[in-house]
Amino acid sequence: MEIQDKDVRVDTYRSSGAGGQHVNVTDSAVRITHLPTGIVVSCQNERSQIRNRDMAFKVLKARLYDLELRRQRERLDAVESAKKDIAFGSQIRSYVFQPYRMVKDLRTRYEVGDVDRVMDGDLDGFIKAALIARAKGQLDRAIVDDDTAAG
């Protein structure tokens, strides 16, 4: 993960903690603010400002990586929630072999009387009907059967 210099603000300050001969002498603590996301990381564990800075950048990279993983997970969850359940009533096409022979796309109302041709892979008519319905903005709407709408 690459972090641009223009995207961070680095502040140094005196670390707090137990006294000693280095107390109030050096500004060894480091606070890094990632401006695009607002993530703030600070480190004051080491005596050296350079080591504190390196450690703070490692923590910042880890938090940015975690943030990106959460965003990807949210995008995948949004895609998954849009999927329909595999259940009765959520089918796309119905294939009737007896007493008559017909294949009907329930989303577009496109029908074919030659079931064998469709079973052999001739889906061009269904694809064309779906593309036309999507272009008109009708494919995403739930289609109610004529007999259930009347009753």
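The values are calculated or read from the model by the stated rules, or taken from the named source; none is laboratory data. Predicted model only: the values in this text are computed from it and were never measured. Counting neighbours? That spans all protein chains shown, and the Cβs are built from the backbone with ideal geometry, glycine included. Please note that ligands, DNA and RNA were not included when accessible areas were found on the heavy atoms of the full protein model with its side chains. Shrake-Rupley method; radii C 1.70, N 1.55, O 1.52, S 1.80 Å.
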Quick one: what pairs do we get from the stretch 115-134, first residue under 20 Å from Arg101 (Cα atoms), second hydrophobic (A, V, I, L, M, F, W, C) and open to solvent by less than 100 Å² (accessible area, probe 1.4 Å), C-beta under 7 Å, 6+ apart or different chains?
-> Val115/Phe97; Val115/Met102; Val115/Val103; Val118/Val103; Val118/Val112; Gly125/Val112
With respect to Asp27, determine if the residue is acidic (Asp, Glu), modelled with pLDDT under 95 and in a loop (DSSP other than H, G, I, E, B).
-> yes
Which of the following residues is more than 30 Å from Ala129 (Cα to Cα) and among the aliphatic types (A, V, I, L, M): Leu35, Leu76, Leu106?
-> Leu35
Residue in the stretch 18-33 that is under 26 Å from the mean Cα position of the chain (by Cα) and open to solvent by less than 90 Å² (accessible area, probe 1.4 Å) present = yes
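Scanning the stretch 8-17 for residues that are assigned to a loop (DSSP other than H, G, I, E, B) and open to solvent by 50 Å² or more (accessible area, probe 1.4 Å), which turns out modelled with the lowest pLDDT?
In the first step, residues of the stretch 8-17 are kept if they are assigned to a loop (DSSP other than H, G, I, E, B); the result is 14-17.
This time we only want the ones that are open to solvent by 50 Å² or more (accessible area, probe 1.4 Å), so: 14, 16-17.
Numbers: Arg14: 79, Ser16: 68, Gly17: 62.
In this case the residue turns out to be Gly17.
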Tell me which residues, restricted to the stretch 96-126, are of a type outside the set (Asp, Glu), within 38 Å of the chain's Cα centre (by Cα) and surrounded by 12 or more Cβ atoms within 10 Å (Cβ to Cβ).
-> Val103, Lys104, Leu106, Arg107, Thr108, Arg109, Tyr110, Val112, Val118, Leu123, Gly125, Phe126
Determine the pairs where a residue that is within 10 Å of Met1 (Cα to Cα), located within the stretch 58-72, has a partner that is assigned to a helix (DSSP H, G or I) and open to solvent by 100 Å² or more (accessible area, probe 1.4 Å) with Cβ atoms under 9 Å apart, the partner being 6 or more residues away or on another chain.
-> none
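Here is a check on your reading of the model: is Val79 closer than 30 Å to Val10 by Cα and either in a helix (DSSP H, G or I) or open to solvent by less than 70 Å² (accessible area, probe 1.4 Å) (or both)?
On the way: closer than 30 Å to Val10 by Cα: no; either in a helix (DSSP H, G or I) or open to solvent by less than 70 Å² (accessible area, probe 1.4 Å) (or both): yes.
In short, no.
Which is among the aliphatic types (A, V, I, L, M) and modelled with pLDDT of 90 or more, of Ala62, Ala142, Ala150, Ala82?
Answer to the selection: Ala62.
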